[in-house]
Structures are given as structure tokens and as C-alpha cells.
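Encoded as C-alpha cells, the structure appears first; notes follow it.
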Amino acid sequence: MLVDNDMRYKIDIYCITKLYPLARGFVNDISRPLSNSQASGLKNIAVNASEKNELYSFINKQGNKDNKNSEFYNQLNQKVKSIEQDIAKEGLIPENEALSKKEKKAIVDFYALLVLREFIFHLVSHNAYKANTGRD
Amino acid sequence: MSENRKLKYLKEANTIADQTEFRGKAKDMGEKAGKIFSDKTQMKNLENIANSSMKITDILNFIKRQTGKDKDRKNWYKNNFGPELLDTMEGYLAEASTSVKQKLEVTDPGEQMLIDLLIVREFIRQVVIHYEYRTVGQEQEA
């Protein structure tokens, strides 16, 4: 699926004005940042996921593990859900009434993954910075 | 956005970039980089990211990732280089950009995004020039 320039432009603006500060705030508020290897794993999933459910599934799986990273992933689960709810409100999903319900859902999921991927990129970058420097 | 508007923003970004304080900060960062990076790759990568990105957050993320990776404080985190560059971008350069937006009464978020980018690109361009000037000097001394 191709993203037209208008949508790309809207997503870029959303990225700067909303996602970047959200990701930064998320990492700053969390008590324990991810290790670099864990963060790389999360980024790889975000890059390679072809459907948003793959990303959700990874986050859920990590959150259900009883280890030091579970808090991070459980909080992340809540955050990505709230971003996904915000995407439609912000007009980041192109509307086309002529499409079937199934096709519309595919478009919603595609744009959700695109935006969540951007959020994860910001999050992983700030996580690495915060973990090494302790700075917000 | 019309080409005229883009040119107007570019001209204003260049005016900001020509100010003594702007040039001084870029020179300080470039010279600091010269003491840290013996290999030109990192500064070239920074310049490439700045020139190819469509949003300022890509540049911020690049600096954060590089600084985050430098556990031994041998490059991006050495002498606080990465954090200082980020502070300059989010402090001084952001304020400079705000002054341009206010002066030209720019309210469109996309046009605001472009002004941020033009100012940061110009700053990084100057940093890299000072960096290269310094490293050429070091090579000649050696």
C-alpha cells in the first residue's frame, strides 16, 4: 500500500508534535529503561512487522513474562492502544466510502502500524539515550 | 507551499545562521567534534541525516541513538558532545526558529516544521565545516 504525500505530511507533523514528546515522556516516566539488546528487539519487530497484530503480540508476550522488563511492556501496551485510538481522531486515516468493510479495516491497520512504528523509533532512541546518560 | 514561501523561509534561516552567536555555537561544536572524531564517518552521517530528513525528530533520534550506544564515552558521549548538541537544538535553535515563525507569522504546522529543519540543517552544515577545517589542520600538523 502506498502512502500519498498528503498523508505522509500529516503523519510527519503528528510525529513531531505528538509522538516524539509522548515517547520521551514515556521513557522518562518509566522506572527502568530497556537494555540496548531488548530495545533493538523491539525496534526490529516494529520494522519487520507486516501487520500491527505482530507488534501487539510481541508487546503482550513480553509483558506477560515475569521479569524486569514486564512493567515497561505493560505500560507500552496501554500507550500504543491510546495512540491507536488517537490516530483516527487526528485524521491520519484516509477515508473512502466506496471500500468494503474488510478493505477499510486493512487501511486502518496499515496506518496504525505506520504511526506506531514511528512511535517505537522515538521510544527506542530516547531509551538508549536515557539508559546511557541518565538524562531526560 | 509555494516556492516563494520556501525561499522566504530559507532567506530568513540564512539570516539567523549569519548571526554571531549562531556561528559561534556552531564553531564551538565543530571544534569539539574535531577533538573527538578522528574518523570523518560520524560527522558525514550526521550531515547526511540532516540533509535527507524531512523532520527534525529524525536528526534528534540519530544523535540520541549514537550517544546512547557510546558506553565508553569515546565518541558521541565524550566531553558531553551528544547531550550538548541536543541541548543546542532543543534550546537555542528552537528559540531561533520560534522567532522566525513569529516574525513571518507562520501558523501552518508543516511550514513550521520546514523552518525548524532549515535552521538545524544550516547549524549542522556549519558544525561539519568547522569540524573538517579543524581535522585538516590536525592532519597537516601530524
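Every number here is computed from the coordinates shown, using simple stated rules; none is lab data. Remember, predicted model here, so these are calculated numbers, not experimental data. We place every Cβ from the backbone using ideal geometry, glycine too, and count neighbours over all the protein chains shown.
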Item checked: Whole-Hz ³J(HN,Hα) from phi, Karplus 6.51 cos²θ - 1.76 cosθ + 1.60, for the stretch A:87-94, glycine and proline x -> 4, 5, 4, 7, x, 8, 10, x
Margin query: Please compute, over every Cα-Cα pair in the stretch B:3-141, the percentage with a separation greater than 21 angstrom.
Written below: 41
Margin query: Need one number: the % of Cα-Cα pairs in the protein assembly as shown sitting beyond the 31 Å mark.
Written below: 35
Notebook entry, point to check: Given Cα pairs under 8 Å that are at least 6 residues apart, what percent is the relative contact order of chain A?
Noted result: 42
Next item on the list: Give, as a single signed number, the net charge of other residues whose beta carbon lies under 10 Å from the beta carbon of B:Met54, with Lys and Arg counted +1 and Asp and Glu -1.
Entry: 0
Checklist line | GNM top mover of A:Asn48, A:Asn74, A:Asn60 - chain A, alpha-carbon springs below 10 Å | finding: A:Asn48
Checklist line | Integer Hz, Karplus 6.51/-1.76/1.60 couplings in order for the stretch B:120-128, x for Gly and Pro | finding: 5, 4, 5, 5, 5, 4, 5, 4, 5
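Is there a quick way to get the dipole size of chain B? I mean about its Cα centre, with the Cβ of Lys and Arg at +1 and of Asp and Glu at -1; what is the value in debye to the nearest 20?
300
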Notebook entry, point to check: If the viscosity is 1.306 mPa s and the temperature 10 °C, what translational diffusion coefficient in µm²/s does Stokes-Einstein give for the stretch A:34-136 when Rh comes from Kirkwood over Cα pairs?
Noted result: 108
Check: Could you give me the ³J(HN,Hα) list for the stretch A:24-35, computed from phi with Karplus coefficients 6.51, -1.76, 1.60 and θ = phi - 60°, whole Hz, x at Gly and Pro?
Finding: 5, x, 4, 5, 5, 7, 6, 6, 9, x, 6, 5
Item checked: Packing-based exposure ordering (other Cβ within 10 Å, fewest first) of B:Val127, B:Val120 -> B:Val120, B:Val127
Margin query: From Cα pairs below 8 angstrom and at least 6 apart in sequence, can you work out the relative contact order of the stretch B:37-142, rounded to a whole percent?
Written below: 31
Checklist line | Cα-centre dipole for chain A with unit charges at Cβ (Lys and Arg positive, Asp and Glu negative), debye to 20 | finding: 440
Note to self: Would you work out the Kirkwood radius for the stretch B:96-142? I mean one over the mean of 1/r across all pairs of different Cα atoms, in Å.
What the structure shows: 12.5
Notebook entry, point to check: Looking only at other chains, what is the average number of their beta-carbon atoms within 10 angstrom of each beta-carbon in B:51-64?
Noted result: 5
Item checked: Prolate/oblate/rounded call for the stretch A:1-58, Cα gyration tensor, a/c under 1.5 rounded -> oblate
